[in-house]
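The structure appears below as structure tokens.
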């Protein structure tokens with residue numbers, strides 16, 4: 001049976017990251033749509049000031065172009081960006097949160113048992129590899145100092 005990873009190892013952080021990323025995409029899309037709306041309104045104003053009546057085919061073209069931009073393409077692209085952005089955010093945050101969660105668990109085991117467990121190790125592709133080395137060096141120093149006091 002295939003092992004399925006739990007990518008939401010620190011949900012509070014990861015879901016906030018996804019929410020912020022989604023809000024940024026929505027803000028960008030809203031800014032784009034407002035800008036497009038203003039541009040089409042300016043074209044309508046220029047056409048009216050040039051003497052075209054609202055029944056002129058130009059206005060039909062402008063309306064068709066405006067509607068074709070808004071609905072199928074921008075909305076679809078926004079949904080795709082939110083989905084892909086969320087997946088990438090979960091993946092990267094998994095690599096960021098993993099070492100933090102593992103380090104916290106490591107120190108909680110020390111506090112609970114009163115002794116230093118095995119070396120702290122992170123997964124192959126986790127970020128912050130230097131954190132585990134630093135923790136292991138510090139714990140070795142504490143252990144050596146404790147051993148010297150007992151002798």
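The values are calculated or read from the model by the stated rules, or taken from the named source; none is laboratory data. Just so we're clear, the structure is a prediction, and the values are computed from it rather than from any experiment. Backbone-built Cβ (ideal geometry, glycine too); neighbour counts: all protein chains shown.
Just to check your reading of the model, which residue among 32, 58 is without any contact (Cβ under 8 Å) to a residue 12 or more places away in the chain, part of a helix (DSSP H, G or I), over 26 Å from residue 103 (Cβ atoms) and touching a helix residue (DSSP H, G or I) at 6+ places or on another chain (Cβ under 8 Å)?
Step by step, each of 32, 58 is checked, and only 58 is without any contact (Cβ under 8 Å) to a residue 12 or more places away in the chain, part of a helix (DSSP H, G or I), over 26 Å from residue 103 (Cβ atoms) and touching a helix residue (DSSP H, G or I) at 6+ places or on another chain (Cβ under 8 Å).
Would you check which residues across segment 113-135 are modelled with pLDDT under 90, within 18 Å of residue 146 (Cα to Cα) and assigned to a helix (DSSP H, G or I) and list them?
Once the filter is applied, which keeps residues that are modelled with pLDDT under 90, within 18 Å of residue 146 (Cα to Cα) and assigned to a helix (DSSP H, G or I), segment 113-135 yields only 113.
Is there a residue being out of contact with any strand residue (DSSP E or B) (no Cβ under 8 Å at 6 or more places or on another chain) and under 28 Å from residue 20 (Cα atoms) anywhere in segment 38-49?
Within segment 38-49, one or more residues are out of contact with any strand residue (DSSP E or B) (no Cβ under 8 Å at 6 or more places or on another chain) and under 28 Å from residue 20 (Cα atoms).
Does residue 17 satisfy being touching a helix residue (DSSP H, G or I) at 6+ places or on another chain (Cβ under 6 Å), in a helix (DSSP H, G or I) and closer than 30 Å to residue 98 by Cβ?
yes
Pull out all pairs, ordered by first then second residue, where Cβ-Cβ is under 6 Å, the residues are six or more apart or on different chains, the first lies in segment 127-151 and is more than 22 Å from residue 96 (Cα to Cα), and the second is part of a helix (DSSP H, G or I).
Note: no pairs meet the criteria.
So residue 74 ticks every box in (1) more than 28 Å from the chain's Cα centre (by Cα); (2) modelled with pLDDT under 90; (3) surrounded by 12 or more Cβ atoms within 10 Å (Cβ to Cβ) but one. Which box is left unticked?
Tallying (1) more than 28 Å from the chain's Cα centre (by Cα); (2) modelled with pLDDT under 90; (3) surrounded by 12 or more Cβ atoms within 10 Å (Cβ to Cβ), residue 74 fails exactly one: (1).
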